[in-house]
1. Applying the selection to the stretch 42-53, what residues are surrounded by fewer than 16 Cβ atoms within 10 Å (Cβ to Cβ) and small (Gly, Ala, Ser)?
2. Among the residues of the stretch 21-46, write down those that are in contact with a strand residue (DSSP E or B) (Cβ under 9 Å, 6 or more places away or on another chain) and either hydroxyl-bearing (Ser, Thr, Tyr) or not in a strand (DSSP E or B) (or both).
3. Against the definition (part of a helix (DSSP H, G or I) and either touching a His at 6+ places or on another chain (Cβ under 6 Å) or open to solvent by less than 20 Å² (accessible area, probe 1.4 Å) (or both)), how does GLY181 come out, yes or no?
4. Tally time: how many residues in the stretch 142-166 are in contact (Cβ under 8 Å) with a residue 40 or more places away in the chain, on the phi > 0 side of the Ramachandran plot and either open to solvent by 10 Å² or more (accessible area, probe 1.4 Å) or not in a strand (DSSP E or B) (or both)?
5. Can you tell me which condition PRO73 does not meet? The list is (1) open to solvent by 10 Å² or more (accessible area, probe 1.4 Å); (2) over 25 Å from ASN202 (Cβ atoms), and all the others hold.
6. Cβ-Cβ under 9 Å, sequence separation 6+ or interchain: first residue in the stretch 204-227 and under 30 Å from GLN49 (Cβ atoms) and outside any strand (DSSP E or B), partner at pLDDT 95 or above and among the basic types (Lys, Arg). Which pairs?
Amino acid sequence: MSAHPLDRPILSILTGRQAHLAQGDARAVRIDGDYGPFGAAADTGAAAQAALAALVPERGELWLVEGEAWPLPPGTREVKRAILTQMVAEGTPPEPRADDPLIAPLGEADAAEMTALAEHAKPGPWGPKTHLYGPFFGVREEGRLLAMAGQRMLVPGMAEVSGVATWADCRGRGLARALIGHVMRAMAQRGEMPFLHSYADNEGAIALYESLGFRERRQVHVLVIAR
């Protein structure tokens with residue numbers, strides 16, 4: 001197995017910095033379902049694959065994110081396969097722009113609005129506790145939450161920019177750029193290197209990330225399974 005934690009990010013977080021969110025055992029783990037649908041097996045052996053299949057919820061999905069294409073665990077069905085571009089930002093985060101909007105932290109009081117925005121923009125799997133992964137920030141206008149971004153996965157020395165979402169009628173105003181830059185600077189202040197994932201065919205998003213200092217590290221595979 002690879003020594004780099006980002007080659008198997010889900011296994012890395014659930015056996016490392018975010019092990020307190022893990023369910024399962026040494027053969028396979030999944031994150032607390034309220035946080036999201038992510039899971040991983042220790043390896044592709046029969047025992048680990050069976051343990052992974054047992055973690056698939058009766059209703060719902062389990063998302064695997066792996067450096068290599070993962071075989072379908074026995075007793076499960078394939079819902080989707082996709083390729084993600086995994087990117088890291090090794091340099092100094094971008095400075096804020098003079099015309100950046102006012103950015104404020106989001107918390108429990110904002111959870112319902114964050115969920116509504118996530119369901120609209122679909123930045124990735126979102127559960128009732130996803131907003132508790134780590135700091136999230138948002139832009140409001142006349143009380144309405146227009147856009148948000150925050151963090152999700154934590155590996156040694158690195159944190160994932162995630163949950164980037166903007167209402168459709170608010171796009172084109174640079175809100176995502178401003179929020180991602182803000183999240184990156186917050187991570188840098190904690191001594192963490194930002195990383196993120198984008199669907200490999202999302203050229204617009206990847207171009208934005210590159211303009212903010214991200215570079216492609218590698219491609220990783222998503223396998224979504226259900227019972």
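The values are calculated or read from the model by the stated rules, or taken from the named source; none is laboratory data. All values reported here derive from a predicted model rather than from experimental measurement. Don't worry about glycine lacking a Cβ; one is built from the backbone with ideal geometry, like all the others, and counts go over all protein chains shown. These accessible areas exclude ligands, DNA and RNA; they are computed on the full protein's heavy atoms, side chains included. Shrake-Rupley method; radii C 1.70, N 1.55, O 1.52, S 1.80 Å.
1. Once the filter is applied, which keeps residues that are surrounded by fewer than 16 Cβ atoms within 10 Å (Cβ to Cβ) and small (Gly, Ala, Ser), the stretch 42-53 yields GLY45, ALA46, ALA47, ALA50.
2. LEU21, ARG27, ASP32, GLY33, TYR35, GLY36, PRO37, ALA42
3. Yes: the conditions hold for GLY181.
4. 0
5. PRO73 satisfies every listed condition except (1).
6. These pairs meet every condition: ARG227/ARG77.
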